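Let me begin by presenting the structure, written as structure tokens, before commenting on it.
Each value in this text was obtained by applying a stated rule to the coordinates, not by laboratory testing. The shown structure was predicted, so the numbers you read here are calculated from the model rather than taken from an experiment. So basically every Cβ, Gly included, is an ideal-geometry build from the backbone, and we count neighbours across all protein chains shown.
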Amino acid sequence: MIYGYAGTTLRINLSSSEIKKEPLNKKWVDEFIGGRGFVSKILYDELPPNTHPFDEENLFIIAMGPMSGHFLPATGKTHFGTKSPATGGYGDSNMGGHFGVTMKYAGYDVMIIDGKAKEPSYIYIEDDNIEIRSANKYWGKGSFDVEKKMKEELGEDFQILTIGPAGENLVKFSCISHDFGRQAGRIGIGAVLGSKNIKAIAIKGTGSIPVFDPDGLLKKGKETYYAIRQKPGFKGWTPQGTAGITDWCNDVGALPTKNFQTSYFEHASKINGKAILERIKITDKGCFACPIPCGKYGYTKTKAGSAYVEGPEFETIALLGSNCELKDIEEIAYANYICDELGVDTCSAGAVVSWALECYEKGILTKEDIGKDVAFGDLDSMVYLLNQIAKREGIGDLLAEGVRGASERIGKGTEKFAAHVKGLEWTGYESRNAPGMMLGYITADIGAHHGRCWVLGNDVAGSADAGNVHDLITGGKQTSKLPKAKVEGVVPIVISSQHTRPAFDILGTCRLQYMEIGLEVSYYEELYYVITGKKLKWEDLLKVSEKVWNLNRCFNLREIEGFGRKFDYPPARFYEEPVPNGPNEGHLIKLEEIDVMLDQFYEARGWDKNGIPKSETLIGFGLEDVAEKMYRISLEESC
Amino acid sequence: MNIDYPISIKNLLYKVGITPILAPMVLVDGEGRDKDFIIDKEEVEVTVIGPLAGG
């Protein structure tokens with residue numbers, strides 16, 4: 001028995017229908033703790049090198065952490081991993097809800113799926129009973145539709161994850177959906193399930209998780225809930241959830257607008273958290289055991305249609321809203337619903353659609369190419385393009401490749417405004433006056449994702465320190481111009497954030513209690529002890545997080561041809577085109593400044609000038625086997 | 001702390017040395033208020049929340 005863990009790894013080969021249960025690898029637990037740590041270790045060790053993301057051999061991994069599934073604040077995260085269809089490198093993505101919790105109650109910490117089912121199928125798990133069942137009747141249907149029908153068929157006790165038509169059609173930014181509004185959105189994780197002919201996984205678990213000190217856990221758990229309720233953010237942040245940041249992002253010139261052409265949206269006050277509360281929200285909706293429910297479940301009615309939908313969260317507001325110039329929160333919510341039902345990531349979808357709209361505006365894509373006239377700010381255009389993408393019909397087949405693939409295919413300078421890093425689309429923070437965010441985005445292991453690093457507050461503070469800011473007033477009014485943010489000194493802040501944010505993905509808990517509410521790290525240390533019986537200092541957890549960061553870099557080096565520094569740059573728009581208006585008018589981060597930051601970043605991480613971890617760095621993290629493989633290969637090649 | 005009132009939140013922040021742009025969220029007695037809100041009571045609890053990520 002390993003306290004805090006269900007104790008079993010479930011392996012399913014879809015080609016042979018072989019199902020194996022094996023004791024959870026203690027080395028994984030000791031060295032990588034859980035969740036993202038497990039994914040990183042398993043992918044590096046077990047994925048055959050140079051496997052294509054859609055090959056049968058690619059691994060689809062679900063991995064939980066030691067804090068998952070206990071009655072503690074926000075322990076409902078489920079972590080997924082695979083070789084990413086979007087980037088061709090390391091990929092992970094996670095979602096809230098109740099799936100992973102139930103997986104642990106069914107007895108499994110880790111599920112590793114490979115092979116390919118002979119026909120559209122779903123995986124049925126009820127504790128020890130595991131079956132691969134036909135999903136022919138669900139194939140082609142939307143995510144909400146399938147989840148509802150499967151719950152009707154199997155019962156409310158089953159937790160369901162599904163893919164939509166986009167995943168079936170291998171759209172490179174397709175997602176996994178669960179709990180009528182929670183998604184593992186990034187890296188094209190849904191397409192990997194689709195490539196394996198898996199429409200859904202249904203799971204029911206009735207077991208429990210052994211803990212070291214049950215009484216201590218009960219006591220500490222109550223104490224933690226109480227502590228969260230006393231935090232100012234409990235009252236301040238929870239009502240609007242993540243959407244509450246919209247106004248501020250606009251006021252500091254960081255809200256992506258019109259395919260990242262600018263960073264200020266004059267209609268931001270119509271698409272903010274307050275607009276959600278006034279026009280959409282019916283009720284708060286939280287994940288398992290969460291005291292700060294950030295989901296805002298509601299109803300939206302537009303000219304294009306109406307729907308019940310969760311959200312939109314800030315990232316969705318930024319990418320489907322301002323970045324596509326939708327000026328109405330109900331229209332954004334409806335586009336959100338369409339993405340969820342089709343099974344595409346709202347972040348990438350917004351970046352892809354806005355890129356296509358800019359191509360159309362510039363005459364690079366024509367009416368004949370697209371199939372109709374389209375325009376920024378037009379919901380019908382977005383719904384049309386999203387449907388084309390999910391079905392890979394017409395222009396949708398090109399756009400389904402993501403902005404990197406699409407821009408590389410049509411050229412004509414469109415690469416310059418294809419907002420991605422390593423093939424993963426940029427999310428909700430325009431960074432031409434946010435050097436820390438810029439560095440965080442360009443160096444993230446999975447591509448341009450905010451979940452790996454968020455230091456916008458530091459960037460703005462640096463900006464604020466850089467000049468007279470006494471006239472920079474927020475609160476819904478047009479702001480004055482911000483001074484150029486300081487590039488110096490951002491590297492340690494970025495690296496710290498890159499270790500801290502993903503640390504919660506290792507533990508198996510949501511980071512928002514810490515990040516947004518301010519729960520102290522001592523709570524995590526003490527909870528970890530009563531759950532596992534092992535002492536873990538926060539600094540030690542961050543060391544594991546840093547080890548994972550290095551291992552993922554090595555995975556990308558192994559799997560992506562020519563990988564290195566050249567993969568760590570933003571699109572040219574971000575260093576060639578000054579922001580045209582708003583608080584950051586005239587600002588950009590020059591290529592030379594990016595290079596200085598990269599040099600400093602690599603040095604601080606113990607990587608060489610090409611961004612390759614040095615042998616001694618890897619050995620320092622206990623990754624001797626990785627160092628040996630990497631440097632033996634180099635030696636042989638040089639011979 | 002003792003401050004002469006009435007006073008706007010914006011001016012209160014200046015007085016205590018906080019740049020308003022780094023205070024995206026301010027609560028007065030538990031209610032979210034914009035920075036032009038005038039504090040006109042003798043005793044209030046003002047909570048200033050720094051920049052938070054959007055997810």
**Item:** Whole-angstrom Cα spans of region A:288-384 along principal axes, big to small
**Value:** 50, 23, 23
**Request:** Could you tell me whether region A:323-431 comes out rounded, prolate or oblate from its Cα gyration tensor? Rule is a ≥ b ≥ c as square roots of the eigenvalues, rounded for a/c under 1.5, then prolate if a/b exceeds b/c, otherwise oblate.
**Result:** rounded
**Asked** Quick one: Cα convex hull volume of region A:525-572, Å³ per residue?
**Response** 120 Å³
**Request:** Just the ratio, please: alpha-carbon radius of gyration of chain B over 2.2 N^0.38 Å, N its number of residues.
**Result:** 1.10
**Message:** Which of the three applies to region A:1-60, rounded, prolate or oblate, going by the alpha-carbon gyration tensor with a ≥ b ≥ c and a/c under 1.5 meaning rounded?
**Reply:** oblate
**Prompt:** So how much slack lies between A:Leu591 and A:Glu57, counting 0.36 nm per residue of separation and subtracting their Cα-Cα distance, in nm?
**Reply:** 188.3 nm
**Prompt:** Which of the trypsin sites (Lys or Arg not before Pro) found in region A:1-58 are loop residues per DSSP with 14 or fewer other Cβ atoms within 10 Å of their Cβ?
**Reply:** none
**Message:** For the protein assembly as shown, what does the helix formula give at 222 nm: sum of -39500 (n - 2.57) over DSSP H segments with n ≥ 4, over the residue count, nearest 500 deg cm²/dmol?
**Reply:** -11000 deg cm²/dmol
**Prompt:** Which loop-located GluC sites (Glu not before Pro) does region A:528-565 contain, where loop means any DSSP state but H, G, I, E or B and the Cβ has at most 14 other Cβ atoms within 10 Å?
**Reply:** A:Glu561
**Fill in**
Using the Cα gyration tensor of region A:488-639, the equivalent ellipsoid's semi-axes, largest first and to the nearest Å, work out to 30, 27, 12
**Asked** If all Cα-Cα distances of chain A are sorted into 10 Å bins from 0 onward, what percent lands in each bin, rounded to whole numbers?
**Response** 3, 17, 29, 29, 17, 4, 0
**Asked** Got the relative contact order for region A:534-612 handy, in percent, Cα pairs under 8 Å and 6 or more residues apart?
**Response** 25 percent
**Request:** With θ set to phi - 60°, apply the Karplus curve 6.51 cos²θ - 1.76 cosθ + 1.60 along region A:66-81 and write out the HN-Hα couplings as whole Hz, x wherever there is a Gly or Pro.
**Result:** x, 8, 5, x, 8, 7, 10, x, 6, 9, x, 6, 10, 10, 10, x
**Prompt:** Looking at region A:348-432, which trypsin sites (Lys or Arg not before Pro) are in a loop (DSSP not H, G, I, E or B) and have at most 16 other Cβ atoms within 10 Å?
**Reply:** A:Lys362, A:Lys372, A:Lys412
**Item:** J(HN,Hα) series, region A:272-283, from Karplus relation 6.51 cos²θ - 1.76 cosθ + 1.60, nearest Hz, glycine and proline x
**Value:** 9, x, 5, 4, 4, 5, 6, 10, 10, 4, 9, 8
